[in-house]
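**Q** I'd like to ask some things about the structure below.
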Amino acid sequence: MLDQHSNAKVRVFAVWEPILPTDWIAPSTGTLGRLSDARVHQFWDKDHLLATIMADSHERQTKPKCCNRRGILWDLVAVYPAKAVWTDHLPPAVVFDGPVVRMMPLKLADF
């Protein structure tokens, strides 16, 4: 999607977290290199802090049809409007679902 919209003013936050038994350390340089676009910021969240905040803040929204493993959100796409402000509660998401691979046909023009 980023390649298709190389001039779009977007920010992408990729949050890596341990879900599978093989996810016991932060992603390697090779893994991080999969998302090499300068608009992407990547983080390792070993304690699932963001996933917990997202789950709590989005209880008022439709639950994703996927992306929950043992109560932890993962492999989720959350899209927020350009002027959204994150405070102690997250703003409503335009898209809050996944898994990521199924969400890739999304077009920026859809938002």
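The values are calculated or read from the model by the stated rules, or taken from the named source; none is laboratory data. For clarity, every value in this text was computed on a predicted model and none was experimentally measured. Cβ sites come from the backbone with ideal geometry, for glycine too, and all protein chains shown count toward neighbours.
**Q** For region 1-28: of the residues being in contact with a His (Cβ under 9 Å, 6 or more places away or on another chain) and charged (D, E, K, R), which is nearest to ASP45 (Cα to Cα)?
**A** Here the residue is GLU17.
**Q** Filter region 18-59 down to the residues that are in a loop (DSSP other than H, G, I, E, B) and among the small types (Gly, Ala, Ser), then identify the one that is surrounded by the fewest Cβ atoms within 10 Å (Cβ to Cβ).
**A** Among those residues, the one meeting the criterion is ALA38.
**Q** Let me ask you something else. With the requirement that a residue be within 10 Å of the chain's Cα centre (by Cα), at pLDDT 85 or above and outside any loop (DSSP other than H, G, I, E, B), what does region 62-111 give you?
**A** Those that are within 10 Å of the chain's Cα centre (by Cα), at pLDDT 85 or above and outside any loop (DSSP other than H, G, I, E, B): LEU73, VAL77, ALA78, VAL79, PHE96, ASP97.
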